[in-house]
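The values are calculated or read from the model by the stated rules, or taken from the named source; none is laboratory data. Note that the structure is predicted; figures quoted are calculated from it, not measured. Cβ sites come from the backbone with ideal geometry, for glycine too, and all protein chains shown count toward neighbours.
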Amino acid sequence: MDSATRFASADLLEFAERVLEAAGLEETMSRATAQTLVEGDLLGHDTHGLALLAPYVQELAEGRMTHSGAPVIVSRSPGVSVWDGMRLPGPWLVRHAVGELAPIARAQGCASLVIRRSHHIACLATYLVRAARDGLFIVLASSDPAVHSVAPYGGTRGVFTPNPIAAGIPTSGEPILVDISASITTNGMSARLHRAGETFAENCLLDNRGQPSADPAVLHQDPPGTILPLGGLTAGHKGFGLALLVEALTGGLAGHGRADEAEGWGATVFIALFDPSAFGGLARFQGQMDHIVAACHDNPPRPGVERVRMPGERGLALWREQEKNGVGLRESIVAALRALETRYAVRLPAPLP
């Protein structure tokens, strides 16, 4: 990892919001998008934080991300909706959708919504925190119909994206934040290592002949190599199955996905909220989850591991630390932000001492 420069999170939020507004994005959408990107960095998901600001701005400039407007309701029934996102910014669409779903879930126990033709939605984990802290169990999944970087198990040609699926699970303390992909690694991390001339520590990829590789350069071969499904060469059928599940939740339920003409970088999104109070009760739900958390925390660690951590525990601790001491950004990200400062005449905040 290259060296990090720290900035106050509030300053980064203001900078990102003003850059997006200068690029033509509507004010409310700029705020939601900037907040999502900064929160991605706060959680430590720095390939899906402010590293995305420059690409998002370029998408706006070239007309591939919609500047303003509203999603179109494709279908609606009690507790279920499908939206056409009209290629509006994904962070705003997802936050807006969660806000729409929450009162419905509290009224009838559960609610779900699928978005077709969203733009990229950034870090899934950022959407989990508030819902889970409010006592709602949230499940979120995403696929990008225009990208084919992950091969099915046993294959060598890309069919899927990493197809992330995430869940925010309430407890009596901090929520459990599950944010995983159906592939061993992501496109974002592969691109970062490729730009830096680095390789993975393990064989996460296949070259275009189907041979395992740790070098992300294989994704730029002609024809391109692929990312291995979660489980790799020995248990990749599990990641393959997970990818299919995400495809059914997103493209399947949306009625729009890989079978349709690709429109560019974006997402098809599945969101579901469950109110445990309508099932066995919130206190009992939390009691069950608290028991699991305690069993994991008390589990004897294997050699070389200090203690068992729950998913999201490290990210939430990092969030608290960075809110206090500043958000650490890689120099490569700072350089991209400085280019935006020049392009849009929006002053990048001074680093913290």
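Being within 27 Å of ALA182 (Cβ to Cβ), without any contact (Cβ under 8 Å) to a residue 60 or more places away in the chain and either assigned to a strand (DSSP E or B) or not charged (D, E, K, R) (or both) is not true of VAL293.
Okay, residues lined up against (1) aliphatic (A, V, I, L, M); (2) more than 30 Å from ALA111 (Cβ to Cβ); (3) assigned to a loop (DSSP other than H, G, I, E, B):
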{"position": "ASP260", "(1), (2), (3)": "no, no, yes"}
{"position": "ALA272", "(1), (2), (3)": "yes, no, no"}
{"position": "VAL308", "(1), (2), (3)": "yes, yes, yes"}
{"position": "LEU318", "(1), (2), (3)": "yes, yes, no"}
{"position": "LYS324", "(1), (2), (3)": "no, yes, no"}
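What pairs come out if I take residues in the range 110-123 that are on the phi > 0 side of the Ramachandran plot and assigned to a strand (DSSP E or B) and pair them with residues that are surrounded by fewer than 24 Cβ atoms within 10 Å (Cβ to Cβ) and among the hydrophobic types (A, V, I, L, M, F, W, C) whose C-beta lies under 8 Å away, six or more apart or interchain? Listed by first residue and then by second, the contacts come to ARG117/MET86. Identify, please: which residue in the range 265-278 is touching a strand residue (DSSP E or B) at 6+ places or on another chain (Cβ under 9 Å) and not aliphatic (A, V, I, L, M) and is, among those, nearest to GLY90 (Cα to Cα)? Selected residue: GLY266. Once the range 208-224 is narrowed to residues that are touching a Leu at 6+ places or on another chain (Cβ under 9 Å) and assigned to a loop (DSSP other than H, G, I, E, B), the residue that is farthest from ALA182 (Cα to Cα) is ASP215.
Per-residue answers, yes or no, for (1) assigned by TED's automatic domain parsing to the domain that holds ARG258; (2) of a type in the set (Phe, Trp, Tyr); (3) out of contact with any helix residue (DSSP H, G or I) (no Cβ under 9 Å at 6 or more places or on another chain); (4) farther than 30 Å from ALA272 by Cβ:
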{"residue": "ARG157", "(1), (2), (3), (4)": "yes, no, yes, yes"}
{"residue": "THR161", "(1), (2), (3), (4)": "yes, no, no, no"}
{"residue": "THR171", "(1), (2), (3), (4)": "yes, no, no, no"}
{"residue": "PRO175", "(1), (2), (3), (4)": "yes, no, no, no"}
{"residue": "VAL178", "(1), (2), (3), (4)": "yes, no, no, no"}
{"residue": "MET189", "(1), (2), (3), (4)": "no, no, no, no"}
{"residue": "LEU193", "(1), (2), (3), (4)": "no, no, no, yes"}
{"residue": "ALA201", "(1), (2), (3), (4)": "no, no, yes, yes"}
{"residue": "ASP207", "(1), (2), (3), (4)": "no, no, no, yes"}
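Close contacts from the range 41-68, counting a first residue that is without any contact (Cβ under 8 Å) to a residue 24 or more places away in the chain and surrounded by fewer than 24 Cβ atoms within 10 Å (Cβ to Cβ) and a second that is of a type in the set (Phe, Trp, Tyr) and assigned to a loop (DSSP other than H, G, I, E, B), with Cβ to Cβ under 6 Å and a gap of 6+ residues or different chains, come to none at all.
For the range 12-38, a residue qualifies if it is surrounded by fewer than 24 Cβ atoms within 10 Å (Cβ to Cβ) and under 13 Å from TYR127 (Cα atoms), and the qualifying residues are ALA32, GLN35.
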